[in-house]
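Single-structure report; data block below.
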Amino acid sequence: HFMAGMGAVPEWTPPGKDHLVRSSSVVTEVAYEPRAVRYRTFDASGEEVLRLALTPKAVTADGEALPRASGTPGWSFDPKTGVLRVRRSAARQVSVEGDPR
């Protein structure tokens, strides 16, 4: 239940680090890098929630830029909480590039 709680309230995760806290698909790989987070999912469409220590500059899905928008596909970021929400369709590989906050 603890992991479900963090997925529902990502602000509960420890600050200052990157965390993929929820996905509507099985996450098959994840890599946390100093200025990027990259992950791959089993399903081609889905939604993810991340708590980030970086400010995203670009989000790509299978190499194609996603728009900064709350629609599908797209992404939104709350700089106060560090929460990134990604919505993707027809893409399994996601890359979030950014600068430290």
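The values are calculated or read from the model by the stated rules, or taken from the named source; none is laboratory data. What you see is a predicted model; the values in this text were computed from it and never measured. Cβ coordinates were reconstructed from backbone atoms using ideal geometry, including for glycine residues, and neighbour counts include every protein chain displayed. What goes into the accessible areas is simple: the full protein's heavy atoms, side chains included, and nothing from ligands, DNA or RNA. Shrake-Rupley method; radii C 1.70, N 1.55, O 1.52, S 1.80 Å.
Show that you can apply the helix-only estimate: for the chain, add -39,500 (n - 2.57) for every DSSP H stretch of four or more residues, divide by all residues, and state [θ] at 222 nm to the nearest 500.
On the way: 1 runs with 7 residues, N = 101.
One gets -1500 deg cm²/dmol as the mean residue ellipticity at 222 nm.
Taking the Cα-to-Cβ direction at Arg85 and at Ala8 and moving 7 Å from each Cα, how far apart do the two end points lie in nm?
1.6
Solvent-accessible area of Thr72, probe 1.4 Å, all protein chains present, reported in Å² to the nearest ten, please.
Spelled out: Thr72, probe radius 1.4 Å, area about 100 Å².
Out of residues 5 or more away from Ser25 or on other chains, whose amide H comes under 5 Å of its own, with H placed 1.01 Å from N in the peptide plane?
Glu47
Under the Karplus relation 6.51 cos²θ - 1.76 cosθ + 1.60, θ = phi - 60°, what is the ordered set of whole-Hz ³J(HN,Hα) values for the stretch 20-35, x standing for Gly and Pro?
Those phi angles translate into 8, 9, 7, 8, 7, 10, 6, 8, 8, 8, 8, 9, 9, 10, x, 10 Hz.
Pull out a ≥ b ≥ c, the square roots of the eigenvalues of the alpha-carbon gyration tensor of the stretch 1-79, then state rounded if a/c is under 1.5, prolate if not and a/b is larger than b/c, and oblate in the remaining case.
Details: a/c = 1.41, a/b = 1.20, b/c = 1.18.
Since a/c stays below 1.5, the shape of the stretch 1-79 is classed as rounded.
Of all the accessible heavy-atom surface of the chain, with the other protein chains kept in place and a 1.4 Å probe, what percent is carbon and sulfur?
Numbers: 3140 of 5630 Å².
Ligands and nucleic acids excluded, carbon and sulfur give 56 percent.
Between Asp99 and Ala31, with labels modelled 7 Å along Cα→Cβ, what's the label distance in nm to one decimal, could you check?
2.4
Quick one: 3J(HN,Hα) in Hz for the stretch 37-48, Karplus 6.51/-1.76/1.60 with θ = phi - 60°, rounded, Gly and Pro as x.
Running phi through 6.51 cos²θ - 1.76 cosθ + 1.60 with θ = phi - 60° gives 10, 10, 8, 10, 10, 6, 8, 7, 10, x, 9, 10 Hz.
Extending each Cα 7 Å along its Cβ direction at Asp43 and Asp62, get the distance between those two points in nm, one decimal.
In this crude label model, Asp43 to Asp62 measures out at 1.6 nm.
Taking a probe of 1.4 Å, how large is the accessible area per residue of the chain, in Å²? All intermediate terms of the calculation are to be shown ahead of the outcome.
Details: 5630 Å² over 101 residues.
The answer is 56 Å² per residue.
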